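Novice: Got a structure here, written out as structure tokens. Questions coming.
The values are calculated or read from the model by the stated rules, or taken from the named source; none is laboratory data. Owing to the predicted nature of the structure, the values given are computational and were not obtained by experimental measurement. Here the Cβ positions follow ideal geometry from the backbone for every residue, glycine too, while neighbour counts run over all protein chains shown. What goes into the accessible areas is simple: the full protein's heavy atoms, side chains included, and nothing from ligands, DNA or RNA. Shrake-Rupley method; radii C 1.70, N 1.55, O 1.52, S 1.80 Å.
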Amino acid sequence: MENDTLLDLVIKAQQGDRDALYQILHQFSPLIKKHSRMAHPSDQEDLEQSIHEKLTEKILSYDLSRIPSFTDFISSLDRDETK
């Protein structure tokens, strides 16, 4: 599981793999901690917990069928440049 991409981990998490979900949360923990330090010290732990809960919810409900192919992604960049 060490070489899994984020997408691989999301797929596994959606299939019920708790280790994959934990690994995703662990990857984002430094960023979550960094931003929670902006809150009042007495609120930081609650904020981190809320973010972890929301992130878990979003991981498990993310619609993987909406991921664009590389070609679609490049096409969208081309469209953005012409605006």
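Novice: Which listed residue (GLN44, GLN27, THR5) has the Cα farthest towards the positive end of the charge dipole for the chain, taking +1 on Lys and Arg C-beta and -1 on Asp and Glu C-beta about the Cα centre?
Specialist: GLN44
Novice: Scan (i) 54, 19, 19; (ii) 48, 35, 22; (iii) 48, 24, 17 for the value of Cα extents along the principal axes in Å calculated from this model and give just the label.
Specialist: (ii)
Novice: Want the number for GLN49 to LYS34: 0.36 nm per residue separation, take away the alpha-carbon distance, what's left?
Specialist: Working: separation 15, 0.36 × 15 = 5.40 nm, distance 1.36 nm.
Length gained, GLN49 through LYS34: 4.0 nm.
Novice: Return one whole number: the accessible area per residue of the chain in Å², for a 1.4 Å probe.
Specialist: Values: 6720 Å² over 83 residues.
Roughly 81 Å² per residue, with all protein chains present.
Novice: Explain nothing, just the number: dipole magnitude of the chain about its Cα centre with +1 on each Lys and Arg Cβ and -1 on each Asp and Glu Cβ, in debye rounded to the nearest 20.
Specialist: The calculation lands at about 160 debye.
Novice: Another question, then. What is the percent carbon and sulfur in the accessible area of the chain, measuring with a 1.4 Å probe over the protein chains and ignoring ligands?
Specialist: Details: 3600 of 6720 Å².
About 54 percent, which is the carbon plus sulfur part of the accessible surface.
Novice: I would also like to ask the following. List every residue whose amide H lies under 5 Å from the amide H of ASP4, counting only residues 5 or more places away in sequence or on a different chain, with H placed 1.01 Å from N in the peptide plane.
Specialist: none
Novice: A further question on this structure: Excluding ligands and nucleic acids, what accessible area in Å² is computed for ILE67 using a 1.4 Å probe, to the nearest 10?
Specialist: For ILE67, solvent-accessible area is about 70 Å².
Novice: Something else: Treating cross-link reach as a plain straight distance, find the aspartates and glutamates whose alpha-carbon is under 13 Å from the alpha-carbon of LYS34, omitting any fewer than eight places away in the same chain.
Specialist: GLU45, GLU48
Novice: If R₀ is 22 angstrom, what is the calculated FRET efficiency for the pair ASP78 and ILE11, using the beta carbon separation as r and rounding to 0.05?
Specialist: Plugging the Cβ-Cβ distance into 1/(1 + (r/R0)^6) gives 0.15.
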